[in-house]
Amino acid sequence: KFELTLMERLVIKYPYIKSHIPYLKVKNRKNTGVGMYVYFCYSEGKDIIEDMDISFSLLSTNEIINIKGLEYGLGFAVSVVEGKIHRIELFTYGEAWDGSLDSFSLSE
């Protein structure tokens, strides 16, 4: 639910990623203590979507993810590598974070 919410928010600003979302699966998550990397892989059927015409890019909405226990919330950016969505990078603004995503909201 968390990753899907972020991707749906990105579609508003970057509509060309919409066709990729149904084929994304979370491969793994890596907590860094001040952020997290969420890596994706593509499920079967991905062959019907076209690569984005981007070799490398970071996409973001510049929104804040409000998380209980974090005063300043999280920022996020989605990396596109060789035309495919590669990962979401979540980061705090200098606060330690345990990686909990139990409850969240987005704000500008």
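Overview of results
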read-out: Calculated FRET value between Glu95 and Glu44, using beta carbons and R₀ = 35 Å, to 0.05; value: 0.35
read-out: Helix-derived mean residue ellipticity, 222 nm - over the chain, DSSP H n ≥ 4, -39500 (n - 2.57), to 500; value: -3500 deg cm²/dmol
read-out: Cα extents of the chain along the three principal axes, largest first (Å); value: 42, 26, 23
read-out: Within region 58-108, trypsin sites (Lys or Arg not before Pro) in DSSP loop having at most 11 other beta-carbon neighbours inside 10 Å; value: Lys68
read-out: Sequence of Arg9, Arg29 when ordered by accessible area, the most exposed leading, probe 1.4 angstrom; value: Arg29, Arg9
read-out: Estimated Rh, region 61-108: Kirkwood, alpha-carbon pairs, angstrom; value: 11.6 Å
read-out: Residue (of Val11, Ser60, Trp97) at the positive-pole extreme of region 1-102, dipole from beta-carbon charges; value: Trp97
read-out: Cα-based Lys proximity count in the chain, under 12 Å, for pairs eight or more positions apart or on separate chains; value: 4
read-out: For region 1-96, size of Cβ-based charge dipole, Lys and Arg +1, Asp and Glu -1, in debye; value: 300 debye
read-out: Crossing angle, helix 2-13 versus the chain [Cα axis fit, 0-90 degrees, rounded to tens]; value: 60 degrees
read-out: Solvent accessible area, Å² - Phe91, 1.4 Å probe, full protein context; value: 70 Å²
read-out: Rounded accessible area per residue of the chain, 1.4 Å, Å²; value: 60 Å²
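The values are calculated or read from the model by the stated rules, or taken from the named source; none is laboratory data. From a predicted model like this one, the values you see are computed outputs, not experimental measurements. Heads up, the Cβs are rebuilt from the backbone with ideal geometry, glycines too, and the neighbour counts pull from every protein chain shown. These accessible areas exclude ligands, DNA and RNA; they are computed on the full protein's heavy atoms, side chains included. Shrake-Rupley method; radii C 1.70, N 1.55, O 1.52, S 1.80 Å.
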